[in-house]
Amino acid sequence: MRRYVQIAKNTWDETFTYRFSFITYRIRNILQILTVYYLWTFFIPQNTTFLGYTQSQMLTYILATMIVSSVVMATRSQAIGNDINQGNLSSFLLKPMNYFGYWFARDIGDKAVNLLFSIAELTLLFMLLHPPFFMQTNPFFLVSAILSISLGTILYFYFSVLMGCFGFWSNEIWGPRFVFYQLLSFFAGSLFPLDILPKNLYAVIEYLPFSYLLYFPIKIYLGDLSILMIIKGLLITGFWIGVMHLLVSRVWNKGLRIYTAYGR
């Protein structure tokens, strides 16, 4: 366990090594927050509703996605495909270390940095703009939301590893990953609450894994879900984690059989 904690700490330190890249990334994130903020304040003036959401509810949802995505969808494990393509995987296979554990620890370090700065950026936004943000005080909803975010983090890690496994069969890994990430972000609810979609489409999305990355934990935080709906959602998330674990294990083992350490 100690070695994985050290890996997470090293990832934290590594983030601040490339300061210019880090600063430009954070500036882009602030501009994204401001763009989405002003977009929804335009569509939903005060004391009005839009597709069942008040301005306070919608802005809380949108701003909460910034926090939740900084935990769930921040990852370093996209480099797994590069390790495979460049033959760097060989050195990991020879070490007494779990390869997936190594990348999960890297992800934790990266998530910690993203969470810290996302909170700082939103705090600055609150001080300057005073947005109507809903604060949840019910301990049950807060604990359930944290549990859902934790499960979503594990689920997204499996998605990221699965996309990295494409490196066993192709050198072109960034294109498929980019397309998949855009689709995943949309169906996770990063742009708007998924329940404003047509009911038939939402009924299908509800049983797919993507909405449990962002939409579901935020709806728990807002207090919009009953206890039974929360339990159902957590069970569905656990089910998809099990499915993804089996799928990743099978694809990984199949890929190792054809791995040739090309580039080494």
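Some notes on this structure:
- Count of residues meeting criterion [within 26 Å of Val143 (Cβ to Cβ) and either free of Cβ contacts under 8 Å to residues at least 40 places away in the same chain or in contact with an Asp or Glu (Cβ under 6 Å, 6 or more places away or on another chain) (or both)] in the stretch 203-218: 7
- Test: residue in the stretch 226-238 that is within 30 Å of Asn88 (Cβ to Cβ) and out of contact with any strand residue (DSSP E or B) (no Cβ under 6 Å at 6 or more places or on another chain): no
Table: residues versus (1) of a type in the set (Ser, Thr, Tyr); (2) at pLDDT below 80.
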site	(1), (2)
Tyr4	yes, yes
Glu14	no, yes
Thr17	yes, yes
Leu31	no, no
Leu39	no, no
Phe42	no, no
Thr60	yes, no
Ile67	no, no
Thr75	yes, no
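- Tabulated pairs, the stretch 47-62, first of a type in the set (S, T, N, Q), second part of a loop (DSSP other than H, G, I, E, B) and modelled with pLDDT of 80 or more, C-beta under 8 angstrom, 6+ apart or interchain: Thr54/Ile44; Gln55/Ile44; Ser56/Phe134; Gln57/Phe134; Thr60/Phe134
- Restricting the stretch 54-75 to residues that are within 10 Å of the chain's Cα centre (by Cα) and among the small types (Gly, Ala, Ser), the residue that is surrounded by the fewest Cβ atoms within 10 Å (Cβ to Cβ): Ala74
- Residue among Ile119, Ile108 that alone is under 25 Å from Ser148 (Cβ atoms), aliphatic (A, V, I, L, M), surrounded by fewer than 14 Cβ atoms within 10 Å (Cβ to Cβ) and out of contact with any Gly (no Cβ under 6 Å at 6 or more places or on another chain): Ile119
- Test: residue in the stretch 76-84 that is of a type in the set (Lys, Arg) and surrounded by 17 or more Cβ atoms within 10 Å (Cβ to Cβ): yes
- For Phe157: the one exception among (1) among the hydrophobic types (A, V, I, L, M, F, W, C); (2) touching a residue at least 40 places away in the same chain (Cβ under 8 Å); (3) under 20 Å from Leu63 (Cα atoms): (3)
- Checked against (1) more than 17 Å from the chain's Cα centre (by Cα); (2) modelled with pLDDT under 90; (3) buried (at least 17 other Cβ atoms within 10 Å of the Cβ), Thr260 meets all criteria but (3).
- Selected residue (criterion: modelled with the lowest pLDDT) from residues of the stretch 109-140 that are farther than 26 Å from Gln46 by Cα and of a type in the set (Phe, Trp, Tyr): Phe117
- Scanning the stretch 99-134 for residues that are under 22 Å from the mean Cα position of the chain (by Cα) and either free of Cβ contacts under 8 Å to residues at least 40 places away in the same chain or at positive phi (or both) yields Tyr99, Leu116, Ala120, Thr123.
- Annotation note: Cβ proximity below 6 Å between a residue of the stretch 234-248 that is within 13 Å of Ile154 (Cα to Cα) and a residue that is β-branched (Val, Ile, Thr) and in a helix (DSSP H, G or I) (sequence gap 6+ or interchain) occurs for Ile241/Ile154; Val248/Val161.
- Cross-chain or 6+ apart pairs with Cβ under 6 Å, the stretch 189-202 first and closer than 16 Å to Gln57 by Cβ, then assigned to a loop (DSSP other than H, G, I, E, B) and at pLDDT 85 or above: Gly189/Leu214
- Residues in the stretch 228-237 that are in contact with a Leu (Cβ under 7 Å, 6 or more places away or on another chain) and loosely packed, with under 14 Cβ neighbours inside 10 Å: 0 in all.
- Residues (free of Cβ contacts under 8 Å to residues at least 60 places away in the same chain and over 22 Å from Tyr25 (Cα atoms)) located in the stretch 65-92: Ser91, Phe92
The values are calculated or read from the model by the stated rules, or taken from the named source; none is laboratory data. Predicted, not measured: the structure shown is a model, and the values here were computed from it. Cβ sites come from the backbone with ideal geometry, for glycine too, and all protein chains shown count toward neighbours.
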